[in-house]
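Some notes on the structure that comes next.
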Amino acid sequence: MRPVASRVKGIQPSPTVRLGTLTKDLQAKGERVENLSIGEPDFPTPAHIVEAAKRALDDVPMTKYVSSMGLRDLREAIAAKSRQENGIPADPDHVIVAPTKHCLFLALTALVEAGDEVLMPDPGWVSYEPMTRLVGGRPVPVPAADETGFVMTPEAVAEAITPRTKVVLLNSPSNPAGAVFPEATFRGIADLCRDHDLYAISDEIYEKILYEGRHVSPASLDGMFERTVTVHGFSKTYAMTGWRLGWLVADKPLVREIVKVEEQTITCVPGFIQKAGVAALTGPTAPVEAMVAEFRARREVAMKELSNVPGLEIHRPSGAFYLFPRYDARIPSLDLSERLLKEGHVAVTAGSAFGPAGEGHLRISYAASRDSIRNGIRGIGEVLGKIR
Ligand code: PMP
Ligand code: GLU
């Protein structure tokens with residue numbers, strides 16, 4: 001048999017998705033394992049959102065193809081949110097509805113020519129690098145580690161720019177370290193985008209999981225709307241990971257191109273799922289506030305528990321629901337995470353999954369119960385104690 005395409009052979013499976021699935025399988029078999037691996041809120045989707053999807057199935061029933069751009073009422077709600085909360089001058093024709101991960105892939109597919117360089121934070125979310133490779137681009141890691149509080153500075157971006165640079169990927173609050181980029185950082189990066197004629201893809205999926213600082217959308221800055229694709233989604237804010245629902249906002253010339261890729265790949269997001277999205281964006285905000293308050297409390301639980309583990313350097317995250325401590329034991333993070341699973345009964349993601357600068361770290365997701373966080377971190381302490 002002839003080999004499959006090298007661009008697919010050349011990428012790895014998603015470490016977060018794989019480990020998350022493995023952990024759930026182990027738990028289903030009755031094994032004791034604390035799941036601090038995948039970034040998935042453990043809360044149920046709020047009832048009014050589920051009800052809206054049920055109604056759309058029962059009453060309409062919404063079981064047919066819908067517009068590839070997305071339902072008009074959902075795009076109106078997204079445009080209104082983008083204008084009011086983010087200062088992005090969006091109307092419904094600037095919005096495309098698709099699963100968040102697919103929005104990133106759609107944007108990269110539309111923007112990246114073979115050989116184009118895509119700048120991305122290192123450490124950064126696991127899928128930026130493989131997605132860039134899949135569309136024929138060249139991923140360029142930009143240092144964004146402990147030294148700068150996991151913020152990708154304009155100076156580091158400037159140093160990485162070459163004549164082949166086409167796109168800068170931004171993510172604040174960030175995965176894996178929960179860093180919130182200051183406004184001055186965004187302004188500095190925006191200046192570079194304008195000076196060097198670069199596009200920005202801004203992944204804002206953790207916008208609402210914010211404890212300190214202010215969320216800034218780069219598309220709201222001078223001259224940035226026409227060169228920025230803002231990507232967002234429902235998974236984290238509304239505990240809707242399994243619904244596969246997100247959106248992107250971009251200027252119309254970009255939307256016209258990007259929507260062709262949506263039409264030629266997934267056609268549309270199911271209508272009844274989109275109705276759930278309308279309920280999420282226009283319904284009561286109390287459930288989200290309660291979840292964020294609980295994440296905030298869990299951050300304290302996790303920080304306190306980690307402070308009992310010797311040899312860890314812990315950066316206090318300002319957003320998202322991850323901790324990314326550096327450990328001093330001499331063991332690769334992948335080997336350590338395997339030992340943690342077997343001996344410590346705790347699943348965490350190896351820091352190396354997030355890029356070269358992630359080595360020597362562990363990513364701990366605290367989107368889990370307080371007991372799970374305490375027990376899991378104790379497991380980490382026990383195993384590290386044996387190794388050190
Ligand atoms: N961006 C980041 C930074 C993420 O952590 C994730 C994981 N949920 C995604 C995008 C993809 O989100 P979704 O599961 O909604 O496709
Ligand atoms: N983004 C989450 C994480 O990093 C979910 C899994 C994934 O899509 O990577 O754990």
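The values are calculated or read from the model by the stated rules, or taken from the named source; none is laboratory data. The shown structure was predicted, so the numbers you read here are calculated from the model rather than taken from an experiment. Cβ: placed from backbone, ideal geometry, glycine included. Neighbour counts: every protein chain shown. Note: areas computed on protein heavy atoms with side chains; ligands, DNA, RNA excluded. Shrake-Rupley method; radii C 1.70, N 1.55, O 1.52, S 1.80 Å.
Protection proxy ranking, highest mean first, for peptides 23-34, 313-324: 313-324, 23-34, where packing is the per-residue count of other beta-carbon atoms within 10 Å, averaged. Listed by chain and number, the aspartates and glutamates placed with their C-alpha closer than 14 angstrom to that of Lys236 are Glu40, Asp42, Asp203, Glu204, Glu207, Glu289, Glu294; residues fewer than eight positions away on the same chain are left out. Computed in the context of the full set of protein chains, the accessible area of the chain at 1.4 Å probe radius has 52% of its extent on carbon or sulfur. Sort out for me the Cα centre separation of segment 147-195 from segment 211-246, rounded to whole Å. The distance from the Cα centre of segment 147-195 to that of segment 211-246 comes to 16 Å. Here's how it looks for Val142: its modeled amide H is under 5 Å from those of Met120, Asp122, which are all 5 or more places away or on a different chain. Accessible surface calculations at 1.4 Å, restricted to protein heavy atoms, place segment 1-160 at 50 Å² per residue. Sorting the segments 283-291, 233-241, 148-156 by their mean number of nearby beta carbons within 10 angstrom, highest to lowest, gives 233-241, 148-156, 283-291. Note on Ala114 and Arg296: the model spin-label points, each 7 Å out from Cα along the C-beta direction, lie 5.2 nm apart. Can you flag which of Lys208/Lys252; Lys24/Lys342; Lys54/Lys275 are past 19 Å Cα-Cα? As for pairs spanning more than 19 Å Cα to Cα, those are Lys208/Lys252.
Here the Karplus relation 6.51 cos²θ - 1.76 cosθ + 1.60, evaluated at θ = phi - 60°, turns the backbone of segment 188-197 into coupling constants of x, 5, 4, 4, 5, 4, 5, 5, 9, 6 Hz, with x for every Gly and Pro. With q set to 0.11, 0.16, 0.21 Å⁻¹, the log10 of I(q)/I(0) for segment 20-108, from the Debye formula over equal scatterers at the Cα positions, is -0.55, -0.96, -1.13. Restricting the calculation to Cα atoms, the chain yields a radius of gyration followed by a Dmax of 20.6, 62 Å. Near the amide H of Asp203, within less than 5 Å, lie the amide hydrogens of Leu170, Asn171, Ser172, Val231, all on another chain or at least 5 residues away, with H placed in the peptide plane. Amide H contacts for Glu34 (H built 1.01 Å from N in the peptide plane; partners 5 or more residues away or on another chain; cut-off under 5 Å): Val346, Ala347.
Taking the alpha-carbon centroid of each part, what is the distance from segment 74-94 to segment 261-317 in angstrom? Their Cα centres are 20 Å away from one another. Decide, for segment 21-71, between rounded, prolate and oblate: order the square roots of the alpha carbon gyration tensor eigenvalues as a ≥ b ≥ c, take rounded if a/c falls under 1.5, and otherwise choose prolate if a/b is larger than b/c, else oblate. Here segment 21-71 falls in the prolate category. Remark: accessible surface ordering of Ser333, Ser68, Ser307 (largest first) is Ser307, Ser68, Ser333, probe radius 1.4 Å.
In order along segment 158-165, the phi-based Karplus estimate (6.51 cos²θ - 1.76 cosθ + 1.60, θ = phi - 60°) of 3J(HN,Hα) comes to 4, 5, 8, 6, 10, x, 8, 5 Hz; Gly and Pro are listed as x. P(r) for segment 248-388, from all Cα pairs and a bin width of 10 Å, is 11, 30, 21, 21, 15, 2 %, short bins first.
Along segment 221-233 the Karplus relation, 6.51 cos²θ - 1.76 cosθ + 1.60 evaluated at θ = phi - 60°, assigns HN-Hα couplings of 7, 3, x, 9, 4, 6, 10, 10, 9, 8, 10, 8, x Hz to successive residues, with x for each Gly and Pro. Rolling a 1.4 Å probe over the heavy atoms of the protein chains gives segment 198-250 an accessible area of 25 Å² per residue.
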